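I am attaching a structure below and will ask some questions about it afterwards.
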Amino acid sequence: MKRVFITRRLPLVAKEILQEKFEVYCSDKNEPYPNHKLADVVTDYDAVLATVSEKFDKKLLKQKKNLKIISNYAVGLDNIDVKYAQSVGITVYNTPDVVTNSTADLTFSILLSLIRKISLAQDFIKQDKWKTWDPELFLGEELFGKVFGILGFGNIGQSVARRAVGFGLDIIYYNIGKKKVDSFLSEYVKPVNMNELIQKSDYISIHLPLTDETKGFINKSLFDKMQKKPIVLNIARGNIVNTDDLIAALKSGKIRGAGLDVTSPEPLSGDHPLCHLDNCIVVPHIGTAT
C-alpha cells in the first residue's frame, strides 16, 4: 500500500479521506515540519501533503526515491521547485480557487479596518477614553468613487474586483501576463500599465504569485512614483514587498497606510517596526482561515 505523509496537524478530514486508500502518517504538531527531517520524508514516502512552511528545493528533491506526489495545502507554489520536481517524475498539486473568496473577503476586511481606524477606535474604548460623542473622532475615509488598483488579476484579484464593484470603486488592474476577465467584470474594470496603476490608485491591492520576477517587486522606486500616497494591501506573499522600503514609505508619508496579511520575514515579531505604526495593520497570514 502506498504511503502518505502529512507534514503538519491539519483538519482530520484530510487523514480520514486518505486512510481509505493509503497508509497515512502525519506530524501531530501544529507547527512547520523541521527542514532537516524533510529528507526522510522524500525518501520514505510515496506522497506528501505539505504546507507553505515546508520548502522542497532542488537539493532536497534530489534525494527522493519513490516520491511521486507533493500536494500543497495552498494556492501558491513558491515553496516548491516545481520545474525540478516535474523533471524527476513528481507531480505537484495545489488548491486553486478553494480559498479565493476567503482571501478576497479579508482584503476588504483589512482595508475597511484601516481606513475607518477600527483598531485604534477599539483601543480608545478599552482605555476608557470615550467620554462623549465627537464629530471629529477617528475621522476616516469613504471608498465610493476612489480608484482601486489591483496588481495581479487572477482568480483572487478578480474576486476582489467583484467586491470593489459593490463599494462603488473605480477599478483598474495590471497583470504581468494575459488573463481572461470574467464577463461580469468586463464593464467595470480597466487594464492599465504598471506606471498608470501606481500613479492613479488611491488603494493598491497586491495579488501576485511569488516568483523570481515578483520578488521585491514593490520597492522604493515604485513607492516614489505613487502620486496619490495610496494605501497598499498585500494579501499575497510577503517577499513581493521590500519590507525596509515599505517602512520608510509609511514613515515618510509616501503612502498613507498599509494592510498586510503576509510579511517578510514571516512570522513577524511583536517588536518589529511594522507592528508599531498607526497607519499599518498586520494580521498573521489568515487570508485562507475560513
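The values are calculated or read from the model by the stated rules, or taken from the named source; none is laboratory data. This structure is a prediction, so every number in the text was calculated from the model and none was measured. Every residue, glycine as well, gets a Cβ built from its backbone with ideal geometry; the counts of neighbours run over all protein chains shown. Accessible surface is based on the protein model in full, side chains and every heavy atom, while ligands, DNA and RNA are left aside. Shrake-Rupley method; radii C 1.70, N 1.55, O 1.52, S 1.80 Å.
Is there any pair with a first residue in segment 100-124 that is aromatic (Phe, Trp, Tyr) and a second that is exposed (fewer than 15 other Cβ atoms within 10 Å of the Cβ) whose Cβ atoms are under 9 Å apart and which are 6 or more apart or on different chains, and what are they?
If the second residue must be exposed (fewer than 15 other Cβ atoms within 10 Å of the Cβ), the pairs left are Phe124/Trp130; Phe124/Leu137; Phe124/Phe138.
Kindly provide the set of residues from segment 187-224 that are among the hydroxyl-bearing types (Ser, Thr, Tyr) and either surrounded by 14 or more Cβ atoms within 10 Å (Cβ to Cβ) or in a loop (DSSP other than H, G, I, E, B) (or both), ordered by number.
Those that are among the hydroxyl-bearing types (Ser, Thr, Tyr) and either surrounded by 14 or more Cβ atoms within 10 Å (Cβ to Cβ) or in a loop (DSSP other than H, G, I, E, B) (or both): Tyr188, Ser201, Tyr203, Ser205, Thr211, Thr214.
Please pick out the residue among Ser109, Ser119 that is under 19 Å from Glu142 (Cα atoms), more than 20 Å from the chain's Cα centre (by Cα) and among the polar types (S, T, N, Q).
Of Ser109, Ser119, the one residue that is under 19 Å from Glu142 (Cα atoms), more than 20 Å from the chain's Cα centre (by Cα) and among the polar types (S, T, N, Q) is Ser119.
In addition: Would segment 160-175 turn up any residue that is in contact with a Lys or Arg (Cβ under 9 Å, 6 or more places away or on another chain), at pLDDT 95 or above and over 17 Å from Leu233 (Cβ atoms)?
yes
Could we say that Asn239 is at negative phi, in contact with a Leu (Cβ under 6 Å, 6 or more places away or on another chain) and open to solvent by 60 Å² or more (accessible area, probe 1.4 Å) here?
yes
Of the numbered conditions (1) open to solvent by 70 Å² or more (accessible area, probe 1.4 Å); (2) under 18 Å from the mean Cα position of the chain (by Cα), Gly149 fails exactly one; give the number of that condition.
Gly149 satisfies every listed condition except (1).
Conditions tested, residue by residue: (1) among the aliphatic types (A, V, I, L, M); (2) open to solvent by 60 Å² or more (accessible area, probe 1.4 Å).
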| position | (1), (2) |
| --- | --- |
| Lys64 | no, no |
| Lys68 | no, yes |
| Asn79 | no, no |
| Tyr84 | no, no |
| Val88 | yes, no |
| Ala104 | yes, no |
| Thr107 | no, no |
| Gln127 | no, yes |
| Trp130 | no, yes |
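Could you please tell me which pairs satisfy a Cβ distance under 7 Å, a separation of 6+ or placement on different chains, a first residue in segment 66-83 that is farther than 16 Å from Ala236 by Cα, and a second residue that is among the small types (Gly, Ala, Ser) and not in a strand (DSSP E or B)?
Close Cβ pairs (under 7 Å, with a partner that is among the small types (Gly, Ala, Ser) and not in a strand (DSSP E or B)) amount to Lys68/Gly89; Ile70/Ala85.
When residues of segment 219-238 are filtered for being more than 16 Å from Thr107 (Cβ to Cβ) and either aromatic (Phe, Trp, Tyr) or in contact (Cβ under 8 Å) with a residue 60 or more places away in the chain (or both), how many remain?
Residues that pass the stated criteria total 2.
Given the structure, is Gly157 within 24 Å of Pro209 (Cα to Cα), of a type outside the set (D, E, K, R) and surrounded by 18 or more Cβ atoms within 10 Å (Cβ to Cβ)?
For Gly157, the condition - within 24 Å of Pro209 (Cα to Cα), of a type outside the set (D, E, K, R) and surrounded by 18 or more Cβ atoms within 10 Å (Cβ to Cβ) - is met.
While we're here: Could you name every one of the helices (runs of 4 or more DSSP H) located completely within segment 51-129 that has at least 3 residues being under 30 Å from Ile231 (Cα atoms)?
Counting at least 3 such residues, we get 100-115, 118-126.
Hey, could you check segment 248-286 for residues that are open to solvent by less than 30 Å² (accessible area, probe 1.4 Å) and small (Gly, Ala, Ser) and say which is farthest from Asn234 (Cα to Cα)?
Top of the filtered list is Gly253.
Okay, next question. Hey, can you tell me all the residues within segment 180-222 that are of a type in the set (Ser, Thr, Tyr) and in contact with a strand residue (DSSP E or B) (Cβ under 7 Å, 6 or more places away or on another chain)?
Tyr188, Ser201, Tyr203, Ser205
Out of everything in segment 225-259 that is among the β-branched types (Val, Ile, Thr) and in a helix (DSSP H, G or I), what residue ends up being nearest to Leu77 (Cα to Cα)?
Of everything passing the filter in segment 225-259, Ile240 is nearest to Leu77 (Cα to Cα).
Let me spell it out: the conditions are (1) within 29 Å of Pro284 (Cβ to Cβ); (2) modelled with pLDDT of 95 or more, and Val52 meets all of them except one. Which number is the exception?
(2)
Working only within segment 27-56, note down all residues that are farther than 13 Å from Ile70 by Cα and crowded, with 20+ Cβ neighbours inside 10 Å.
Residue satisfying the conditions is Tyr33 alone.
Another question, if that's okay. Do we find that Phe184 is surrounded by 19 or more Cβ atoms within 10 Å (Cβ to Cβ), in contact with a helix residue (DSSP H, G or I) (Cβ under 9 Å, 6 or more places away or on another chain) and assigned to a loop (DSSP other than H, G, I, E, B) in this structure?
Considered against the rule, which asks whether it is surrounded by 19 or more Cβ atoms within 10 Å (Cβ to Cβ), in contact with a helix residue (DSSP H, G or I) (Cβ under 9 Å, 6 or more places away or on another chain) and assigned to a loop (DSSP other than H, G, I, E, B), Phe184 comes out as no.
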